[in-house]
Amino acid sequence: MLDTTTGEVVKTTLQHEGNNVREFYCKLPRPVRVGIEATGSMQWFVNLMEELRIECLVGHPATIRAAEPRKQKHDRRDADLLLSLLVEERFPAI
């Protein structure tokens, strides 16, 4: 997560239990832009972002993967890649 005012990158692990996800995103100062990789189980998250009026970009998985020279998937590294693509305005939204 990037604070565009300070330039600080904040890394956190969000537990997907109960209302944790909703509460986390509700507390973020606006405006917020979220980028996610397209998956078969993403619709609940896209719906939540729409409900909370948060901009949510859905990225093309193959194009995102092509931007990472390492072939092994790793959640933290993938999150860093999504953030850098958003910041550099190279996010492959579909």
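The values are calculated or read from the model by the stated rules, or taken from the named source; none is laboratory data. Keep in mind the model is a prediction, meaning the values are calculated, not measured. Cβ atoms come from the backbone with ideal geometry, glycine included; neighbour counts cover every protein chain shown.
Residues checked against (1) over 12 Å from the mean Cα position of the chain (by Cα); (2) surrounded by 15 or more Cβ atoms within 10 Å (Cβ to Cβ); (3) farther than 20 Å from LYS11 by Cβ:
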| residue | (1), (2), (3) |
| --- | --- |
| ALA38 | no, yes, yes |
| LEU48 | yes, yes, yes |
| ALA66 | yes, no, yes |
| GLN72 | yes, no, no |
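One residue is enough: does the stretch 68-83 have a residue meeting the conditions among the aliphatic types (A, V, I, L, M), assigned to a strand (DSSP E or B) and on the phi < 0 side of the Ramachandran plot? Show your work before the answer.
Here is the first cut: in the stretch 68-83, the residues among the aliphatic types (A, V, I, L, M) are 79, 81-83.
Still in the list and also assigned to a strand (DSSP E or B): none.
No, that holds for no residue.
Tell me which of these ARG53 doesn't satisfy, since it passes every other one: (1) among the charged types (D, E, K, R); (2) part of a loop (DSSP other than H, G, I, E, B); (3) at pLDDT 95 or above; (4) surrounded by 10 or more Cβ atoms within 10 Å (Cβ to Cβ).
Just one mismatch for ARG53, condition (4).
If you take the residues of the stretch 63-83 that are modelled with pLDDT of 90 or more and not aliphatic (A, V, I, L, M), which of them is nearest to ILE94 (Cα to Cα)?
Among those residues, the one meeting the criterion is THR63.
So which residues in the stretch 1-24 are of a type in the set (Asp, Glu) and surrounded by 10 or more Cβ atoms within 10 Å (Cβ to Cβ)?
Once the filter is applied, which keeps residues that are of a type in the set (Asp, Glu) and surrounded by 10 or more Cβ atoms within 10 Å (Cβ to Cβ), the stretch 1-24 yields ASP3, GLU23.
Anything in the stretch 25-36 that is in a helix (DSSP H, G or I) and either touching a Pro at 6+ places or on another chain (Cβ under 9 Å) or loosely packed, with under 14 Cβ neighbours inside 10 Å (or both)? List them, or say none.
First, pick out the residues of the stretch 25-36 that are in a helix (DSSP H, G or I): 25-27.
Hits for the stretch 25-36 are CYS26, LYS27.
Cβ-Cβ under 8 Å, sequence separation 6+ or interchain: first residue in the stretch 12-28 and more than 17 Å from ILE54 (Cα to Cα), partner among the β-branched types (Val, Ile, Thr) and assigned to a helix (DSSP H, G or I). Which pairs?
LEU14/VAL21
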